[in-house]
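Visitor: Once you've had a glance at the structure underneath, I'll fire off some questions.
The values are calculated or read from the model by the stated rules, or taken from the named source; none is laboratory data. Owing to the predicted nature of the structure, the values given are computational and were not obtained by experimental measurement. In this analysis, Cβ positions are derived from the backbone assuming ideal geometry, glycine residues included, and neighbour counts consider all displayed protein chains. Remember, those area values only see protein heavy atoms, side chains included, never the ligands or the DNA or RNA. Shrake-Rupley method; radii C 1.70, N 1.55, O 1.52, S 1.80 Å.
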Amino acid sequence: MSLAHPFLAGSTLPCSILAASLTLAACDSGGSTPDSGLRPDAQTQDGAGPDAQSLDGAQPDAVANDGAAADAVGLDGAAVDARPRPDTGPRPDGAVALTRTYTVATLAVPAPSGGRAAGFNLDGRVDSGDMDGSCVGSTADFISVTDASEVGVDNGLGPQVTTFGTLLAADCPGATAATCLSAIAQATIDDGSFSLVLEVSDIDSFDDDAFVVVTPTINGVTAAAIDAEIVGGRLSLSIAELLIPLAVELRIRDTRLSATISDTALSGGAIGGALRLDELVEAIEAAMPGTGTIARSLLRGAADLEPSSVPTTCDAISTGMLFTATAGAVTTTAL
C-alpha cells in the first residue's frame, strides 16, 4: 500500500479500521447514477427529519428549522419546493448577494491533545468518563479544537489515532504515529481520490447571515442544496448522511460541518458525525471477507453513541476531522 493511493491498494484490517477513523464513506446509489455522497433525506440520530432535500428531488418528510418546507434543488438543477428567503429587512440600493465556491485543500485526522479534539457535541452531553455507567458516558468528552466555546465534543475514534498510525507507519514515511492518519488523509486530496467542493450562495455577510445556501459536490457529483447559516463568522450546516468512496463503504450519520468563512477561504473547518458499528462492520466484511468479526471486536470499545437496549453497549462511534478550503470564482447576484 503506497501513500499515493493509501485506500486503493492493500487489503489489511488496519486499513479498514483506518478508513473508519477518517469517517469517509461510499454507498451504492441504487442505480447507474453515481452517488453524490450526500443523503439529506435520511433520519437524524434523534429521529427528527433533517432540513434538506433528497438526492432524487423527492420531497422527504422533513421541514426546515422554522417549520417551512425545506429549500432544495434537485440533481437536475430544478428548484424543488423552494423556501423563500426570510425577510431580513431592506437592503441598500445596489446590494448584491455573493456566491463563493470553496474546494477542500487540506484534510486531517488529528489525535486529541490537551483535552481538545476535532468534532462536535453530538449527544448534547458533557461526559467525564464515569457518568451513569452507560456507554455514552463511559468516554470523557473533549473541548473543540476549532471552537473553545463548544464543550462535550464526541470523538470516540480520536484516542485511537496514534495506535492506527503506529500500525500504518510504513504507509506514511516521515510522519509520526500521531500524524500518520493525517498524512494519508491529505494524500487522498492531493492525488484526487477524494474531492469536496462547497458552493455557498445568497451571502449577505461573512459575519452573520441567518440564511445561506450550500450546494456540495463530492467527487464531481453535485447534490441537493442545503440551508445553512453564518454566525460569528462561522458557516455551519448539517447533513443527515455523508458518504465518501474509499476502500470500504462507510457512512457518516448526523454529520455536522463548521468553518470560519471569508471571501477567500474556509479555515478552521471541522467535520463530525456518527458511524454505526453494524454498517461499518458490514462494509469491512464486504470488502475483506472473514474480517468482520475481528473488526467488530476491535471497534466495539470505541462506540459511544446510540446506546442499545443494554446501556453499556453503544451501536455507533463518534468521529471528527479537520479541513480547510480555498475559494475559486466569485459570483454576485443583484438583490
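Visitor: So what are the ³J(HN,Hα) numbers for segment 273-283, from phi and the Karplus equation (6.51, -1.76, 1.60; θ = phi - 60°), rounded to whole Hz, Gly and Pro as x?
Guide: Running phi through 6.51 cos²θ - 1.76 cosθ + 1.60 with θ = phi - 60° gives x, 10, 10, 5, 4, 4, 5, 5, 5, 4, 5 Hz.
Visitor: Next up: How much solvent-accessible surface does Val310 expose, in Å² to the nearest 10, with a 1.4 Å probe and all protein chains in place?
Guide: Spelled out: Val310, probe radius 1.4 Å, area about 70 Å².
Visitor: Ile294 versus Ala210, label points 7 Å from Cα toward the beta carbon: distance in nm?
Guide: 5.5 nm
Visitor: Using only the heavy atoms of the protein chains and a 1.4 Å probe, how would Ile294, Ile230, Ile143 rank by accessible area, largest first?
Guide: Ranked list, largest accessible area first: Ile294, Ile143, Ile230.
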